Amino acid sequence: MANTPQAKKRIRRNARRTEINGNRVSRIRTFVKKVESALAAGDKSAAVEALAAAQPEMARGVAKGVLHKNTVARKFGRLTKAVSALA
């Protein structure tokens, strides 16, 4: 258990940050799922719109430090490739 005031503060801060970061990741996943569901339905226009909405959310996740830059680059590349492949 934490003894010092600073250690106690770190525990409080870490709990707050964990909740905020979890919400951020969840929000990003929701945007990605919208793109994937549009792809599954074969709706190119909806997929393009969803992808355009997902890209800044994913970039914000990188900027805030909740996701790794290469992870987001890989996911975005795969989604873009899948959307482009729709006829």
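Rule-based calculations on the coordinates, nothing more; no lab input. Fair warning: this is a prediction, and the values are worked out from it, not measured in the lab. Every residue, glycine as well, gets a Cβ built from its backbone with ideal geometry; the counts of neighbours run over all protein chains shown.
Brief remarks follow.
- Divided by 2.2 N^0.38 Å, where N counts the residues, the Cα radius of gyration of the chain comes to 1.45.
- Entries in K9/K64; K44/K69; K9/K75; K8/K64; K8/K33; K9/K69 that, when Cα-Cα distance is taken, lie over 32 Å: K9/K75; K8/K33
- Toward the positive end of the charge dipole of the chain, with +1 on the Cβ of Lys and Arg and -1 on the Cβ of Asp and Glu, the farthest Cα among L79, V25, N3 is that of N3.
- When only the Cβ of Lys, Arg, Asp and Glu is charged (+1, +1, -1, -1), the dipole of the stretch 5-85 relative to its Cα centre reaches about 780 debye.
- Folded to 0 to 90 degrees: helix 5-41 orientation relative to the chain principal axis, Cα: 10
- In the chain, taking the dipole from charged Cβ atoms about the Cα centre, the farthest positive-side position among A50, V35, G65 is held by G65.
- Cross-link partners of K81 among aspartates and glutamates (Cα-Cα below 13 Å; sequence separation of 8 or more within a chain): E36
- Taking E36, E19, E57 in turn, the Gaussian network model of the chain (Cα-Cα springs below 10 Å) assigns the largest fluctuation to E19.
- Cα gyration tensor shape for the stretch 48-87, rounded if a/c is under 1.5, else prolate or oblate: oblate
- Where labels lie 7 Å past Cα in the beta-carbon direction, separation of T18 and N3 in nm: 2.3
- Rounded to whole numbers, the Karplus 3J(HN,Hα) couplings from phi for the stretch 61-73 are x, 5, 4, 7, x, 8, 10, 6, 4, 5, 4, 5, 4 Hz, using 6.51 cos²θ - 1.76 cosθ + 1.60 with θ = phi - 60°, and x at Gly and Pro.
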